[in-house]
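Q: Take this structure first; my questions come after.
The values are calculated or read from the model by the stated rules, or taken from the named source; none is laboratory data. Keep in mind the model is a prediction, meaning the values are calculated, not measured. Here the Cβ positions follow ideal geometry from the backbone for every residue, glycine too, while neighbour counts run over all protein chains shown.
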């Protein structure tokens, strides 16, 4: 009898654990719906605006945009110049000077959130771009996780320029594709 009880218990476990995933994958009409492994990928369009303000007034704005999915992979947008710098006699290293935006959608959070890293670099003086040697670079970096509301503009971060009364703001707008 003991062997028969074990066999019945095993069959019951197979039935309970074997049928349950199937019933969860069906909706009320009996149609199979996508489960977590077959989740539809959401696609989004992101508009970035890097605004420069002086005394609270916008004096300059740069616009960037990209499309992104919620697959969990980060994407990057880079605009700029690779500048050769002589590190040793006859040996050169390259510096990336310009704007770099790295973004990843955090879709498991409610509301949706973005991990955003924005690096902006430029030459301290225009002459630094044309002469050799070791140029002086200015850099600004904003690294943040910010919640987003689809179709609404959000200021993801801002930094003050230590050399002036200017402030730089990163604004993000996301729309579902």
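Q: Here are some residues: 111, 84. Which one is in the same structural domain as residue 45 (by TED's automatic domain parsing), free of Cβ contacts under 8 Å to residues at least 60 places away in the same chain and under 26 Å from residue 46 (Cα atoms)?
A: The match here is 111.
Q: Looking at (1) outside any loop (DSSP other than H, G, I, E, B); (2) at pLDDT 85 or above, which one does residue 150 not meet, given that it meets all the others?
A: The number of the failed condition is (1).
Okay, residues lined up against (1) surrounded by 15 or more Cβ atoms within 10 Å (Cβ to Cβ); (2) assigned by TED's automatic domain parsing to the domain that holds residue 165; (3) under 24 Å from the mean Cα position of the chain (by Cα):
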residue	(1), (2), (3)
61	no, yes, yes
72	no, yes, yes
75	yes, yes, yes
80	yes, yes, yes
88	no, yes, no
94	no, yes, no
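Q: Same structure, new question: Scan the stretch 72-91 for residues that are assigned to a loop (DSSP other than H, G, I, E, B) and touching a strand residue (DSSP E or B) at 6+ places or on another chain (Cβ under 8 Å) and jot them down.
A: If the condition is that a residue be assigned to a loop (DSSP other than H, G, I, E, B) and touching a strand residue (DSSP E or B) at 6+ places or on another chain (Cβ under 8 Å), then 72, 73, 74 are the ones that fit.
Q: Continuing with the same structure: Can we say residue 100 is part of a strand (DSSP E or B), modelled with pLDDT under 80 and more than 15 Å from residue 45 (Cβ to Cβ)?
A: no
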